[in-house]
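Notes follow once the structure below has been shown.
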Amino acid sequence: MQMPGSPMPSPSQLGRWLALIACAGGAGQLLHALAVPAGLFLGPMLVAIAFGVCGAGLQLPKPVFRFGQGCVGLMVAHSVTWSVLAALGQSWHVMLLATALTVALSAIVGLATVRFGGIAATTAAWGTAPGAASAMVSMAEEHGADARVVATMQYVRVVCVVMIGALVSHLLGATGTGGAAASAAAGPQGMQLGQLLLSLAVVLLGVILGSKLPAGALLVPLMLGAVLQLGGVLVITLPAWLLAFAYGAIGCYIGLRFDRPTVRYVWRRLPTMIIGAVALIVLCAGCAWLLARATGSDFLSMYLATSPGGLDAMAIIAVETHADVGLVLAMQTLRLFGVILTGAYCARQIIRLTRA
């Protein structure tokens, strides 16, 4: 997993990488065989958390993570059709309402975290922002907050969102499908190979173009793939092994963020972070239930659409559980940019209110 120009891994580090790959792949395949929603993503993430906390000292290269995001983005583009776009155009008011509610609930949880959890206001204000984890960490550092605690709060919430999302999907009767929706239609082998190469080219180009944008490695391939598919230029072709690699790369990247020094540093604050994350998820689930009742949408789609964070993870779960992928991605993307645009303002208000 070394990038060109980086030093060669030592034999012990290479052994740890091989062990991580074997365990992550095995866990993903096991959960997938048990029909756990997003099992190919959830298994590697849990294994990577264990490796990180046990002091493996591994860090997945950012380009590998972005390539995984690009594959997921192109997979989601497979679900973008003219009928889906028309339905989304009719639901814009619901998306705006859901985004505003999620941001407001995250501010309330942030205030409670400061008041009852003993976390500094400057840190809690950024750590409870619902989405755009990497962007929130960067902005928090620029505003003088403790970036380590903010990063841990963000990724603790992502893990909670993924695990609870998989559990809710399972309880509602949804099962994992392995991303089969993005496979090619039956046709000549040469045509499939050509479409596969074109699909990979779209992923790589999208990752490069989106490298400077928040979640751009996922969103730009999604938009490129959707435009080419709607125009009849591209038949999106992503084989199961490639999607399994993409899921595993994203899961391992998130899991390895939980290294031993970081967990030791935030150990006393960890229960507060978990309680705050679960509280925000429950509040968003309540809003999802009300919105689903009011709009006639199914609860699973609305739940995934309003879950606080993890755009790529929610995309994976939505595709595998046959939820309304268009609704989920549109609302998650809208909130992503909403959080980035309003993050500094919301953080200042939380700090002002806690000081008052």
Which residues, taken from the stretch 79-103, are of a type outside the set (A, V, I, L, M, F, W, C) and modelled with pLDDT of 80 or more?
93, 99, 102
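Table: residues versus (1) in contact with a strand residue (DSSP E or B) (Cβ under 7 Å, 6 or more places away or on another chain); (2) under 30 Å from residue 232 (Cα atoms); (3) of a type outside the set (A, V, I, L, M); (4) touching a residue at least 12 places away in the same chain (Cβ under 8 Å).
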residue	(1), (2), (3), (4)
69	no, yes, yes, yes
72	no, yes, no, yes
76	no, yes, no, yes
109	no, no, no, yes
Based on this model, can you work out whether residue 132 counts as farther than 26 Å from residue 85 by Cα, of a type outside the set (S, T, N, Q), buried (at least 22 other Cβ atoms within 10 Å of the Cβ) and at pLDDT below 80?
no
I'm trying to understand the selection: among the residues of the stretch 305-328, which are among the aliphatic types (A, V, I, L, M) and in contact with a Ser or Thr (Cβ under 8 Å, 6 or more places away or on another chain)?
311, 314, 317, 318, 319, 323, 325, 327, 328
For the structure I just gave you, tell me whether residue 106 is modelled with pLDDT of 80 or more and of a type outside the set (A, V, I, L, M).
yes
Note on the stretch 145-177: residues modelled with pLDDT under 75 and surrounded by fewer than 17 Cβ atoms within 10 Å (Cβ to Cβ) are 148, 173, 175, 177
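Check the stretch 113-127 and report whether any residue there is under 17 Å from the mean Cα position of the chain (by Cα), within 24 Å of residue 260 (Cα to Cα) and either assigned to a helix (DSSP H, G or I) or not hydrophobic (A, V, I, L, M, F, W, C) (or both).
Yes: the stretch 113-127 contains one or more residues that are under 17 Å from the mean Cα position of the chain (by Cα), within 24 Å of residue 260 (Cα to Cα) and either assigned to a helix (DSSP H, G or I) or not hydrophobic (A, V, I, L, M, F, W, C) (or both).
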Checking the conditions here, which among 230, 222, 242 is crowded, with 23+ Cβ neighbours inside 10 Å, touching a residue at least 24 places away in the same chain (Cβ under 8 Å) and either closer than 15 Å to residue 52 by Cα or not β-branched (Val, Ile, Thr) (or both)?
222
Take the residues in the stretch 289-312 that are modelled with pLDDT under 80 and not acidic (Asp, Glu); name whichever of them is farthest from the chain's Cα centre (by Cα).
309
Residue 328 - would you say it is closer than 20 Å to residue 41 by Cα, without any contact (Cβ under 8 Å) to a residue 40 or more places away in the chain and crowded, with 24+ Cβ neighbours inside 10 Å?
yes
Subset of the stretch 283-335, residues closer than 20 Å to residue 253 by Cβ, touching a Pro at 6+ places or on another chain (Cβ under 9 Å) and not hydrophobic (A, V, I, L, M, F, W, C), comes to 307, 308, 309, 320
Going through the stretch 307-333 in order, the residues found to be within 19 Å of residue 280 (Cβ to Cβ) and small (Gly, Ala, Ser) are 307, 309, 310, 313
Looking across the stretch 11-48 at residues that are touching a Phe, Trp or Tyr at 6+ places or on another chain (Cβ under 6 Å) and at pLDDT below 90, the single one that is surrounded by the most Cβ atoms within 10 Å (Cβ to Cβ) is 41
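The values are calculated or read from the model by the stated rules, or taken from the named source; none is laboratory data. Computed from a prediction, not measured in an experiment: that's the story for all the values here. Don't worry about glycine lacking a Cβ; one is built from the backbone with ideal geometry, like all the others, and counts go over all protein chains shown.
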